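Novice: A single structure is presented below for examination.
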Amino acid sequence: MTSQKFYDERINAECGKIYQRGILYAMVVSLVYGIMHIWSLTSYKSSLITILGFSNYYVFFIPEATVFLFGTVILLLGALLHGRRRDERDLFEKHNYYLTAVKVFVIAAFIGYAVTIPFSATKYINNIPLNYLAQLFETLGVIYLYYTFKKRYIFFNYSFIHERKGIYYKRVFLNIAKLAGALFLGFFGAALIDLGMHGSFLNFFGILYAYAVSVLSLGLEYLFISWTEKLSYDEKEHRGLHIGTFVQFIFLLCNTLMAFGFTVLVFAVNDKNLLGDILIEQGFHLGEIMAELTSIRGHFAHESSVLTAMVLCKFMCQIKDCRLGRKAITGIVILTSVSLLIDYVQTFVVNFLTSKSFEMVISYVNVSNVMSLVITLINSVLWTVLIYDLVKTIKLPPLLWAVAGVRWFTTILGAAVSLFGHQGLTLFYGISGGILGFASLLLLLILLHRHEFPHEHEEYV
Amino acid sequence: MVNQRMKAARQGKNLSQAELAKAVGVSRQTVNMIENGDYNPTVALCIKICRALGVSLNDLFWEDEA
């Protein structure tokens, strides 16, 4: 039997809609982010003029403006060319348009960042500016795509995931190379412009270093997703979790353990009786060490949120009959995304308020603690609903309720810490939260993997 | 509505879902979803499936009047 060229109308239609909405959401995020960014920087206008040497500090907003502009053009063009649908052939063309447009959009977003570098990295500033917007898009984009693809039973790399492993991974690396090539032009151009403007080879190689980091970060993320997808796709028979989901869960456990490890280190360094005094005697600057450790801990906690969302999205494919549970997972994913967006944006809020008054910063910290508590509370409710549906509908062991119990315990403890702020309580919350969090995840993994899920109607013979 | 006739025709030709998917140029999941009634294919895809299985449109996709 001869093979036809791959063209899956269902996947193309779904992906077209996913990318169209994704571009719109990216524009909204970019707008919110850009407004917060401008608002915070207006406080530092005079300082920026002094440091940068010119009055046009709006160059900082080129990344946001690029995303918004390209998004607007793509969506307007899409509406003009494909707005009036006559029959299914128009729909095909419309979906194909967005499949191409999204690639242009992603490349443009990164090049928007690259173009900013020569204007913001002067001889007075030795660090290459981090593109928090690109990091935010990378994080939220992965969660959005993962959720929407898994909800619709679409595998990543769907056009070649059925190929043999050798061919599959060759194409995966080819895609990474294509991305690297597309980004290189923008970054190399920016590096040359900077060399012309400032004459600094340090900046020139710094920009190329930023390019390498961007490609490595995106490439590793894509490779990880491609690997776990291929593992799940090739799995012939299974009990328990899909092997791809299982592997992601293991990464989540390792990440949670690392976050906990750094939590313990932060407490140890902060405590004079443990490491604090020793480090001071050795001549270390405690403040810098604490800042670095807190930053690394934050990074692992952030990765844990993303991995949790990914694991739940992939797990959704196995619980087709759990409608309430799937809705709870949708809620958890949305909440995770909102929480991550707040985390990124609040840097600007704090910067702005710091320039005003210390009292305003304290007020904001209090508001932020309440917001964090509300989010944790809603999260606990959603996890309870998910576990309820898993126990009721697909008869998972009632021991699963222990996971919900741990969530509520840490939520209540977190509320107590926010209210009373006692140092001992904070320490207890940090340590017990970490241990119980890890233990509950491990229990969840064991119970899910031992369960025989309803047959998913796929045949491999 | 589950398409038992398509599944029977596919099994009659000793084809797996993956093999039929490759022959037609779609993903294994799409074939699975069509058989389970979770996706309604377009006429163009219905024709491709019928050609691959050597049957007519009526044989696979015409709904019997109950």
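Novice: Check A:LEU202, A:LEU174 and return the single one that is touching a residue at least 12 places away in the same chain (Cβ under 8 Å) and either out of contact with any Phe, Trp or Tyr (no Cβ under 8 Å at 6 or more places or on another chain) or among the acidic types (Asp, Glu) (or both).
Specialist: Working: A:LEU174 fails: touching a residue at least 12 places away in the same chain (Cβ under 8 Å).
Only one candidate qualifies: A:LEU202.
Novice: May I ask you to list the residues in the stretch B:13-31 that are buried (at least 20 other Cβ atoms within 10 Å of the Cβ) and facing chain A (nearest Cβ under 7 Å)?
Specialist: B:GLN17, B:LYS22, B:ALA23, B:VAL24, B:VAL26, B:SER27, B:ARG28, B:GLN29, B:THR30
Novice: If you don't mind, another one. Condition first: touching a Ser or Thr at 6+ places or on another chain (Cβ under 7 Å) and either among the polar types (S, T, N, Q) or away from every other protein chain (no Cβ under 14 Å) (or both). Now tell me which residues in the stretch A:88-113 satisfy that. Show your work before the answer.
Specialist: Start the filter on the stretch A:88-113 by keeping residues that are touching a Ser or Thr at 6+ places or on another chain (Cβ under 7 Å), which leaves A:88, A:108-110, A:112.
Hits for the stretch A:88-113 are A:ALA108, A:ALA109, A:PHE110, A:GLY112.
Novice: May I ask you to say which residue of A:SER226, A:SER232, A:SER200 is at pLDDT below 85 and either on the phi > 0 side of the Ramachandran plot or of a type in the set (Ser, Thr, Tyr) (or both)? Even if it seems obvious, please write down each step before you answer.
Specialist: Details: A:SER226 fails: at pLDDT below 85; A:SER232 fails: at pLDDT below 85.
On inspection, the qualifying residue turns out to be A:SER200.
Novice: Right, another one. Name every residue in the stretch A:155-192 that is in a helix (DSSP H, G or I) and of a type in the set (Ser, Thr, Tyr), in order of residue number. Explain how you work it out, then say what you get.
Specialist: Initial filter on the stretch A:155-192 (in a helix (DSSP H, G or I)): A:165-192.
Residues satisfying the conditions are A:TYR168, A:TYR169.
Novice: Here's a follow-up. Among (1) within 7 Å of chain A (Cβ to nearest Cβ); (2) surrounded by fewer than 22 Cβ atoms within 10 Å (Cβ to Cβ); (3) under 14 Å from A:TYR7 (Cβ atoms), there is one condition B:TYR39 misses while meeting the rest; what is its number?
Specialist: Of everything listed in (1) within 7 Å of chain A (Cβ to nearest Cβ); (2) surrounded by fewer than 22 Cβ atoms within 10 Å (Cβ to Cβ); (3) under 14 Å from A:TYR7 (Cβ atoms), B:TYR39 misses just condition (3).
Novice: Considering only the stretch B:1-12, how many residues are more than 10 Å from chain A (Cβ to nearest Cβ) and either under 17 Å from B:GLY54 (Cβ atoms) or not in a loop (DSSP other than H, G, I, E, B) (or both)? Can you show your working first?
Specialist: Taking the stretch B:1-12 and keeping what is more than 10 Å from chain A (Cβ to nearest Cβ), we get B:1, B:3-6, B:8-9, B:12.
The next check asks that each one be either under 17 Å from B:GLY54 (Cβ atoms) or not in a loop (DSSP other than H, G, I, E, B) (or both); those that pass are B:3-6, B:8-9, B:12.
So the answer is 7.
Novice: Please count how many residues of the stretch A:82-110 are at pLDDT below 85 and either within 17 Å of A:MET27 (Cβ to Cβ) or in a loop (DSSP other than H, G, I, E, B) (or both).
Specialist: Of the residues in the stretch A:82-110, 6 are at pLDDT below 85 and either within 17 Å of A:MET27 (Cβ to Cβ) or in a loop (DSSP other than H, G, I, E, B) (or both).
Novice: In the set A:PHE251, A:PHE284, A:PHE267, A:PHE315, which member is surrounded by 20 or more Cβ atoms within 10 Å (Cβ to Cβ) and of a type in the set (Phe, Trp, Tyr)?
Specialist: Details: A:PHE251 fails: surrounded by 20 or more Cβ atoms within 10 Å (Cβ to Cβ); A:PHE284 fails: surrounded by 20 or more Cβ atoms within 10 Å (Cβ to Cβ); A:PHE267 fails: surrounded by 20 or more Cβ atoms within 10 Å (Cβ to Cβ).
That would be A:PHE315, the only listed residue that is surrounded by 20 or more Cβ atoms within 10 Å (Cβ to Cβ) and of a type in the set (Phe, Trp, Tyr).
Novice: Condition check: crowded, with 19+ Cβ neighbours inside 10 Å, over 17 Å from A:GLU138 (Cα atoms) and at pLDDT 90 or above. Does A:ILE11 satisfy that?
Specialist: Working: crowded, with 19+ Cβ neighbours inside 10 Å: yes; over 17 Å from A:GLU138 (Cα atoms): yes; at pLDDT 90 or above: yes.
The answer is yes for A:ILE11.
Novice: Test A:LEU31 against the stated conditions and say whether it is assigned to a helix (DSSP H, G or I), at pLDDT 70 or above, within 30 Å of A:SER357 (Cβ to Cβ) and not β-branched (Val, Ile, Thr).
Specialist: Working: assigned to a helix (DSSP H, G or I): yes; at pLDDT 70 or above: yes; within 30 Å of A:SER357 (Cβ to Cβ): yes; not β-branched (Val, Ile, Thr): yes.
Yes.
Novice: Ok, one more. For the structure I just gave you, tell me whether A:VAL406 is closer than 17 Å to A:PHE260 by Cα and not acidic (Asp, Glu).
Specialist: Details: closer than 17 Å to A:PHE260 by Cα: yes; not acidic (Asp, Glu): yes.
Against the criterion (closer than 17 Å to A:PHE260 by Cα and not acidic (Asp, Glu)), A:VAL406 qualifies.
Novice: Looking at the stretch B:44-55, can you tell me whether even one residue there is closer than 13 Å to A:ARG10 by Cα, within 10 Å of the chain's Cα centre (by Cα) and not in a helix (DSSP H, G or I)?
Specialist: no
Novice: So, one more: Search the stretch B:42-54 for residues being among the hydrophobic types (A, V, I, L, M, F, W, C) and more than 8 Å from chain A (Cβ to nearest Cβ), and hand back the single one that is surrounded by the most Cβ atoms within 10 Å (Cβ to Cβ).
Specialist: Within the stretch B:42-54, the first condition is being among the hydrophobic types (A, V, I, L, M, F, W, C), and the residues that meet it are B:43-47, B:49-50, B:52-53.
Those still in the list that are more than 8 Å from chain A (Cβ to nearest Cβ) too: B:43, B:46-47, B:49-50, B:53.
Working: B:VAL43: 10, B:CYS46: 16, B:ILE47: 15, B:ILE49: 25, B:CYS50: 19, B:LEU53: 22.
In this case the residue turns out to be B:ILE49.
Novice: Further question on the same structure: Assess whether A:SER46 counts as being modelled with pLDDT of 80 or more and away from chain B (no Cβ under 14 Å).
Specialist: It is false that A:SER46 is modelled with pLDDT of 80 or more and away from chain B (no Cβ under 14 Å).
The values are calculated or read from the model by the stated rules, or taken from the named source; none is laboratory data. As the structure is a prediction and not an experimental result, all values here were calculated from the model. No Cβ is skipped: glycine too gets one built from the backbone with ideal geometry, and neighbour counts run over all protein chains shown.
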